[in-house]
Amino acid sequence: MSFDYYPINTYSTALAVIAAVLLDALLGEPKRWHPLVGFGWIANHIERIFNQQMLPHYARIVGLVTWLLLLLPFAAISYLVTNDALMGATFTWIANVTLLYFAIGAQSLTQHAKAVFKPLSEQNLPQARHAISMIVSRDTSQLNETEIATATVESVLENGNDAIFGAIFWFVLFGGTGTVIFRLANTLDAMWGYKTPRFLYFGWAAARLDDLLNLVPARLTALSYALCGHTKSAFKCWVSQSRTWYSPNAGPVMSAGAGALQVKLGGNAVYHGTAKQRPTLGMGALANAGHILRAVNLIWRTIVLWCVAIMLGAVFINIIESYYLA
């Protein structure tokens, strides 16, 4: 009996994850010519061409077709460069590591969070507002200290799933191709998945498909936050609060993360000129600058947990395979 069809069966997959994480930790994201930035530029121009005034039903279809037109070529390219039979084992391993490195953004997330922490801890609200505006879509011009800290912690927790653990999850299952599809779909959701007049129908497919791709990773991320923080509080908040959140995947991630940090999140926020009163997530104190660093530390502890778990999974599956092949 063989388990060769499971990518995690070989230690190379686990080592590739660890290598990509180390590259990100040491190098951060590329300062210029980042593939995701280029993809976002292409997607923006394509959207302007195809997103025209039309009936809702047709707008949804056009949005789906546009989503496919953007993703399929990159998925095909990533499949070709990570195909052992075509490119050889060494090249494909390096290609897989490179694709995962480009997909994850732990160091970038850390830098953006610390860019908010520093001025906020010094009571420099104008600079803190500018720094948080770089990573959230809400209006930041009038945020107070608690609101800035809340927005930053929320962004760290949610992007932990979107920019790190979701990408690793799909990499373990389908290698670099899975990572590319997940990350590009997540990027399109971030660009088109708004319930505004412009994107309500055209962006429907991008939002729904991103929800589908995040269904399992989001809950694994929530579980990991719980294990790496205050576990009892995390599970309590996850069970009681996740359904109150407007996103089916962000709800578990952020409620479990807030519980793990024992901090209160949610509350009022302004998006695209409209005030939105959001449910409370978590428990304990209101967010402050210190919670930003605690959220970043939670992310890195969770990364270590995932790397260890993936390596142990590779060991276990190889032991089982050796037993059946003996």
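Results, tabulated for the structure shown:
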read-out	value
Chymotrypsin sites (Phe, Trp or Tyr not before Pro) restricted to DSSP loop in the range 168-261 with at most 15 other C-beta within 10 Å	246
Amide H contacts under 5 Å for residue 278, placed H, 5+ residues apart	267, 268, 269
Set of lysines with alpha-carbon distance to residue 232 below 25 Å, sequence-local pairs under 8 removed	264
Pairwise centroid distance, computed over Cα atoms, of the range 155-216 with the range 4-76, Å	9
nm² value of the averaged projected area, convex hull over the Cα atoms of the range 181-240	5.1
Coordinate range along principal axes, alpha carbons of the chain, Å, largest first	63, 49, 37
Within the accessible area of the chain (1.4 Å probe), percent carbon and sulfur	66
Selected from 215, 120, 69 as most flexible by GNM, with the chain as the system and alpha-carbon contacts under 10 Å	69
Amide H within-cut-off set for residue 286, under 5 Å, with H built and near neighbours excluded	264
Kirkwood Rh in Å, taken over the range 110-199 so that all alpha-carbon pairs contribute	14.5
Helix-only CD estimate at 222 nm, as mean residue ellipticity for the chain, using -39500 (n - 2.57) per DSSP H run (n ≥ 4)	-24000 deg cm²/dmol
Principal axes of the range 198-326: Cα extent on each, largest first, Å	65, 39, 24
Label point 7 Å beyond Cα of residue 312 along Cβ direction - residues of the range 256-274 with amide nitrogen under 19 Å	none
Distant alpha-carbon pairs in the range 51-100 (separation over 12 angstrom), percent	68
Listed residues 32, 219, 183, most fluctuating in the chain (Gaussian network, C-alpha, under 10 Å)	32
Where N is the number of residues in the range 1-149, Cα Rg divided by 2.2 N^0.38 Å	1.40
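The values are calculated or read from the model by the stated rules, or taken from the named source; none is laboratory data. Here the structure is a predicted model, which is why all the values come from computation and not from measurement. Positions of Cβ are backbone-derived with ideal geometry, glycine not excepted, and every protein chain shown enters the neighbour counts. We work out accessible area using only protein heavy atoms, side chains counted, and drop any ligands, DNA or RNA first. Shrake-Rupley method; radii C 1.70, N 1.55, O 1.52, S 1.80 Å.
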